[in-house]
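Just below is one structure, and these are the notes that go with it.
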Amino acid sequence: MKTFKLKGEPRKVSNKQAVKTLRRNAGVPCILYGKGIDNLLFSVNAKELKQITDTPNSYIIELEVEGKTYMSIFHMAQYHPVTDEPLHIDFIAVSEDKPINIDVPVFITGNSEGVRQGGKMTQSVRKLRISALMKDLPDSLTIDITDLKLGKTITAGDLKYDNIQILTPKSTIICSVKMTRAAIGAAAAESTEK
């Protein structure tokens, strides 16, 4: 998985006025927490943060605060309800020897047999939750739909990858090929020809 470097400035627990001043100066309050470390309060530049929050990609984030580097992943963000600006970001500390739970983008490849017969392909899920060691984490999961027939689906339970455990519920539908009027007409024409 790709690594992204982010520099943070330490901050103290403070009142609302100090947080408002921080946000006015293009800073976003953040926290890093996880097993084996004390909670770390810091802030990052809002413009740099957009490279993590405004992308479908997932990253291992190298946070540098006061000369110390922490390996982490983006956990969640709180956004302003009107301006959609980030108000607060949570990061989780990770290590190379313990499995990491993270959402990874899904990419569909291939030309489905069902689509060639006139069906319509729909993708229901853009990311899957997986668990793997840092060295085994992929940038994305590729799903080949070449053999996907009309009326069929691919679920999270159908997927198998080496050294990766899929945490998304097995029944979650990732993509499907639905019947269309054109496909029904083509199937009817085919059956009358026989």
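Overview of values
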read-out: Taking Arg24, Arg116, Arg11 and counting other C-beta atoms within 10 Å, the order from fewest to most; value: Arg24, Arg116, Arg11
read-out: Answer label for mean projected area of the Cα convex hull in nm² (calculated), chosen among [x] 10.3; [y] 13.0; [z] 14.4; value: [z]
read-out: Residue-averaged 222 nm ellipticity for the chain, from DSSP H runs of 4+ at -39500 (n - 2.57), nearest 500; value: -5000 deg cm²/dmol
read-out: Prolate/oblate/rounded label for segment 47-162 (Cα gyration tensor, a/c 1.5); value: oblate
read-out: Cβ-derived FRET efficiency at R0 45 Å, Asn111 paired with Glu64, nearest 0.05; value: 0.50
read-out: Considering only the chain, percent of DSSP beta bridges that pair antiparallel, nearest 5; value: 70 percent
read-out: Cβ-placed point charges (K, R +1; D, E -1), dipole of the chain about Cα centre in debye, nearest 20; value: 560 debye
read-out: Anisotropy class of segment 3-95 from Cα gyration tensor, a/c 1.5 cut; value: oblate
read-out: Test item: Cα-centred dipole of segment 3-95, Lys/Arg +1 and Asp/Glu -1 on Cβ, debye; value: 300 debye
read-out: Computed label-point distance, nm, for sites Leu87 and Gln165 using a 7 Å Cα→Cβ extension; value: 3.5 nm
read-out: Members of Lys12/Lys135; Lys127/Lys170; Lys20/Lys50; Lys12/Lys35 lying beyond 24 Å, as alpha-carbon distances in this model show; value: Lys12/Lys135
read-out: Difference of contour (0.36 nm per residue) and Cα-Cα distance, Asp158 to Arg24; value: 43.5 nm
read-out: Segment 46-106 shape via C-alpha gyration tensor axes, a/c threshold 1.5; value: oblate
read-out: Cross-link partners of Lys120 among lysines (Cα-Cα below 17 Å; sequence separation of 8 or more within a chain); value: Lys149, Lys152, Lys178
read-out: Two-site FRET efficiency, Ile31 against Lys149, from Cβ-Cβ distance with R₀ of 41 Å, rounded to 0.05; value: 0.30
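Read the figures in this text as sums done on the coordinates, not as results from a lab. Keep in mind that what you see is a predicted model, and the values were worked out from it rather than measured. For neighbour counting, all protein chains shown are included, and Cβ atoms are generated from backbone atoms with ideal geometry for every residue, glycine included.
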